[in-house]
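So the structure is just underneath, and the comments pick up after that.
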Amino acid sequence: MENYQLSGKEATALMINLLCSKLFLLAPGYFIDNAGSGALLTVIFVYAVAFAFFGIYSSKTKRDILSLIPSNFFKGLFGALSVLLLVFSGAGTFSQLVHYIKIMAMPKSPIAFLVIPFAAAMVLCAYAGLKSVGKVHGFFVPILFSVLLVLVLLSVQSFEFTNLFPIFGKGFRAVFGEGFFLLSSLFELLVLLYLPSLTSASFRKIGFSALSVSLFFFVLLIGAYLLIDGKTQNLPIFSVIRASALSRTDSLFLLLYALSGMLYLSAVLYFCAYIFGKTFGLATFKPLILPFALILISFSEITFLNPEEQIFLRYTSYFLWILPFLIPLIITWIKPKNKKFGRNGKRDEA
Amino acid sequence: MKTTNLLKKIFLFSPNDGQNTYTFNTHTAPEKISIPDPNQKISTQYEENLKLVSEVYSLPENSDIKIREFLIGQHTRAFLLFVEGLVKDDSVNTNILGPLMLLPQSSSTYQALHDTLLLNSQISDTTSFRTVFDDVNMGNCVLFTDGLDTAFSIDVKGWERRGLDAPVTEQVIYGPHEGFNENFKVNTALIRKNIRNENLVCETICLGKESKTPCALLYIKNITNPDLIQEIKHRLDHIDADYIYEAGELEQFIEDSSFALSPQFLTTERPDTTASALIEGKIALILHGSPFALIAPVSFSDFLTTPEDKYVRFPFANLMKLIRLIGIVSSFLLSGLYIAIVNFHHEMIPADLLFAIEATREAVPFTALMELLLMEVSFDIIREASLRVPSPIGSTVGIIGGLIIGQAAVSANLVSPIAIIIVALTGIGSFATPNYALNFTFRFTRYLYIFLGAIWGFLGIAAGIFMHAAVLSMLNSLGVSLFTALANDNRDTVLSYLFQKPIWKRELRHSYVNAQKTKLQAKISRKWVEK
């Protein structure tokens, strides 16, 4: 395992991009599709749940989630499930990323050809280690999201504020009932639960900062998409930027979009290998990066078969949230009862 | 002679017919020449010392090694050993030979020689031949006396050297116009001239088993972190090489990553830059024979900074830095972006301009990629050629390059004018890179970006930028990340590294140096503002 410890800012940037990169993809479409003009309320509701979860979780422990699980069997099960779902989630995002690039800028290029730069970038960065993953996030995330903010602000001229009403959109049930399952959009919060052993900074501060910033961008981008009367699920943020005052900059969005995707994929790949290594007590996990990359690419190829349907996300959103939200709460609830004192008789710090 | 033999002699002529032709044998191991062990103690016997010195230095074949035999006080035999050309003849004659030979009552005891007869400020004594040979090779003169098992090493160095010139690679308008030369003693003296502080330590370490090149390790003992000093000493002490001659070679021996595309030590030929780095808490290495100092640890922003940035007022310094950054980014990215736009993203170009570009490219038989590569390679050849040719011809090469390659290539429809503009902007941008070593990095990566842009458009450029950043962020300079400024949890921010604060705001040393003293100046350094 590596000696490098992420700084608080690096860890926060990493989490912000993991949570927000889906905004470039289908997430705004899902929220609007679910609740109509009530999408903003759904976002706020989902984030309120996420904040509440994280508030409870971080008040009970400051440790890595795996170190809280008492039994090796359950530890293995939770780790394996985390890796599996991260791979699927990463592959789904990978598939969408490449598919949109094809639509946006390179319609004549075959998908497999567009996969190469993403694959090379994620493998190189993940292989370079946690320091690289942290530093590139620390470098690119502020730039990416600042530029995005500017581009969105420049599209104000196309905003139609009546699109925000009715505020409850498709109704109370859609916003808060079915909207609850959109908590799965924040599935990558799972990575945050593994961060305490990788950073010396305050875990609680990282989590709240990342959630706050990502909430801001979720509200901003879904709001902007609503305001320009976004109807389709495809290329939501691209649609916002096309409406901006900066003409001919559509292609520049490709840079932001691809960079955000590469950041996301490199982090997912790194954490797949890291979690696997940590779960099964491996001395080193770097040799796993290439196999995991191949699995990720292969799975993304499967979802290419039906990119419009997005089978994985559509059908897993009902239970995907259980792993990062419900199970950790249960673990922290059970743990103090069963393991009040450690083996050496000292009180558990959590 | 038979006719056939005569014809053979004429038409099958070969010089010497294979006789007296020397072929160097590279297959069998050469015969080893035995050399006397130089790690012996000096003898009290005059003849023994003389014999050993003569054998070690291959006398009389070795013509520049001089042994001057004489009598001290007209009664005791002695000889001086020195290298012709490395010593000051006047000093040898006046301060050493004069008093010893001319005073008839001169005593040859150790005390007499050391205290009264050798008129030189720097004298050391030794009982080891190893030290004797090291000192003689460095330009000292060594005195052996009959009956004494101690030799005196007298510092009379006086070799020829280049005078102090303006730095070639780091010229400035404001600031000192004084650069290092190849003599490390002169260079260390230049730094001492800048830092008049008794805490400045200049340790000399000999590098290279055969070359024994002196290397000065400089640091300020009450500022620099002792761990850094220990680490650099560890690296220097563990170089097992016969020969190190230049700072560039030393850098490659002690850098963290040899395969990296970025330098990890800052090279400078300016004493003021070196002094400023030492004050900051960094260490500097000066190798004898090299006009460059190596500074570590550094962050990536140090490579983007010129000495002038500190000397001009901060708004102008920041404007210059911003323009320089644009130039640097365009030096490695512009060509790639151009090819990406031309090949994939036409919509970014206004229609009129697009038609104009297409019209100029219509007659060009090459693809945009070939056209750009042709120009980039030509530009690099011109640059390389103008560096190697004597300076009076250098400008001619530039003119020929500019006129022939540029104008004529366009007239011959080999390249389009837009490609010339792009390559020219890229070239000018690369000259804005303050660090020569970093310039190589960007020259190299520019070709990678061209290929990535040509193959995948902006997607390729994004992948290139991402991978470039990932690779750079792996690198360390003496254990400190080159991207240390990025997203760290300490007081420094990226902006504080990239841009200059007003002089009164530069209160603290950079945190990555982790110096013993964090404060560089008082919170209120301009005390006069307080009334």
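The values are calculated or read from the model by the stated rules, or taken from the named source; none is laboratory data. Fair warning: this is a prediction, and the values are worked out from it, not measured in the lab. Reconstructed Cβ throughout: ideal geometry from the backbone, glycine too, with neighbour counts over all protein chains shown. Surface accessibility is based on the protein's heavy atoms, side chains included, excluding ligands, DNA and RNA. Shrake-Rupley method; radii C 1.70, N 1.55, O 1.52, S 1.80 Å.
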| Computed Rg/Rh of segment A:1-141, alpha carbon atoms with Kirkwood Rh | 1.00
| note | Which residues qualify? For B:HIS345, with a placed amide H closer than 5 Å and at least 5 residues away or on another chain, they are none
| Using alpha carbon centroids, what distance separates segment B:78-98 and segment A:62-99, in Å? | 79
| task | Sort B:CYS206, B:CYS141 from largest to smallest accessible area, using a 1.4 Å probe on the heavy atoms of the protein chains. | result | B:CYS206, B:CYS141
| message | If I model a spin label at B:SER58 and B:LYS505 as a point 7 Å from the Cα along the Cα→Cβ vector, what separation in nanometres do I get? | response | 6.4
| note | Here the FRET efficiency for B:ALA189 versus B:ARG130, based on Cβ atoms and R0 = 30 Å and rounded to 0.05, is 0.65
| request: Estimate the FRET efficiency between A:ASP64 and B:GLU198 by the formula 1/(1 + (r/R0)^6), using the beta-carbon distance for r and 41 Å for R0, to the nearest 0.05. | output: 0.20
| task | Give the interface area between chains A and B as buried accessible surface, both sides summed, probe 1.4 Å, in Å² to the nearest 100. | result | 2900
| task | Kindly report, to the nearest 10 Å², the accessible surface of A:MET106 as traced by a 1.4 Å probe over protein heavy atoms only. | result | 0
| remark: Full extension between B:LEU319 and B:ALA359 adds, at 0.36 nm per residue less the Cα distance, a length in nm of 10.7 nm
| segment B:311-481: mean projected area of Cα convex hull, nm² | 12.8
| request: Straight distance only, please: which aspartates and glutamates reach the Cα of A:LYS62 with their own Cα at less than 16 Å, same-chain residues fewer than 8 apart left out? | output: A:ASP348, A:GLU349
| field | Within the protein assembly as shown, helix-based [θ] at 222 nm, where runs of 4 or more DSSP H residues each add -39,500 (n - 2.57), nearest 500 | value | -16000 deg cm²/dmol
| message | How large is the direction-averaged shadow of the alpha-carbon convex hull of segment B:184-298, in nm²? | response | 6.4
| note | Here segment B:358-366 yields Karplus 3J(HN,Hα) values (6.51, -1.76, 1.60; θ = phi - 60°; whole Hz; Gly and Pro given as x) of 5, 5, 6, 8, 4, 7, 7, x, 9
| request: Rank A:LYS205, A:LYS108, A:LYS131 by mean-square fluctuation in a GNM of chain A with C-alpha springs under 10 angstrom and give only the top-ranked residue. | output: A:LYS108
| field | Solvent exposure, largest accessible area first (probe 1.4 Å, DNA, RNA and ligands not counted), of B:ARG446, B:ARG196, B:ARG161, B:ARG526 | value | B:ARG196, B:ARG161, B:ARG526, B:ARG446
| What is the sum of charges around B:GLU249, taking Lys and Arg as +1, Asp and Glu as -1, for the other residues whose C-beta is under 12 Å from the C-beta of B:GLU249? | -4
| Pick from A:GLY129, A:GLY281, A:GLY90: which is most flexible by mean-square fluctuation in a GNM of chain A where alpha carbon atoms under 10 Å apart are linked? | A:GLY281
| field | Förster radius 41 Å - calculated FRET efficiency between B:ASN490 and B:PHE451 (Cβ-Cβ, nearest 0.05) | value | 0.60
| task | Take peptide A:116-122, look around each residue's Cβ out to 10 angstrom, count Cβ atoms belonging to other protein chains, and average those counts. | result | 6
| task | For B:LYS321, list the lysines whose Cα falls under 19 Å from its own Cα; do not include residues on the same chain fewer than 8 positions away. | result | B:LYS310, B:LYS501, B:LYS505
| query | So which helices of chain A fit the span-like rule, where a helix is a whole DSSP H run, its Cα atoms reach 20 Å or more along the axis, and its mean Kyte-Doolittle is at least -0.5? | reply | A:39-60, A:72-104, A:111-128, A:130-153, A:203-227, A:250-279, A:289-304
| said: Let me check I've understood the local charge: for B:GLY163, count other residues with C-beta under 12 angstrom from its C-beta, Lys and Arg +1, Asp and Glu -1. What total comes out? | reply: -2
| query | Spin-label point model (7 Å from Cα, Cβ direction): what's the B:GLU182 to B:ASP89 distance in nm? | reply | 2.2
| message | Based on alpha-carbon atoms only, what is the radius of gyration of the protein assembly as shown relative to the globular estimate 2.2 N^0.38 Å? | response | 1.23
| Whole-Å distance, taken between Cα centres, linking segment B:438-509 and segment B:120-148 | 51
| Most mobile of A:ALA119, A:ALA105, A:ALA13 in a GNM of chain A (Cα contacts under 10 Å) | A:ALA105
| Of all accessible heavy-atom area on chain B, the percent that carbon and sulfur account for (1.4 Å) | 60
| query | In Å and whole numbers, how far do the C-alpha atoms of segment B:362-449 stretch along each principal axis, longest first? | reply | 39, 32, 16
| field | Computed accessible area, B:VAL342, all protein chains, 1.4 angstrom probe, square angstrom | value | 20
| When the Kirkwood radius is taken over all Cα pairs of chain A, what Stokes-Einstein diffusion coefficient follows at 4 °C and 1.567 mPa s, in µm²/s? | 63
| query | What base-10 log of the normalised intensity I(q)/I(0) is obtained for segment A:255-296 from the Debye formula, alpha carbons as equal point scatterers, at q = 0.23 Å⁻¹? | reply | -0.72
| query | Which entries in the list A:LYS131/A:LYS205; B:LYS212/B:LYS282; A:LYS108/A:LYS286 go over 28 Å, if you measure between the two C-alpha atoms of each? | reply | A:LYS108/A:LYS286
| note | A:ILE302 and B:VAL389 label points (each 7 Å along its Cα→Cβ direction) are spaced in nm at 6.4
| request: Starting from the Cα of B:TYR174, step 7 Å toward the Cβ, then list every residue of segment B:502-531 with an amide N under 12 Å from that point. | output: B:502-503
| message | Can you compute the radius of gyration and Dmax for chain B, using only the Cα atoms, both in Å? | response | 31.2, 116
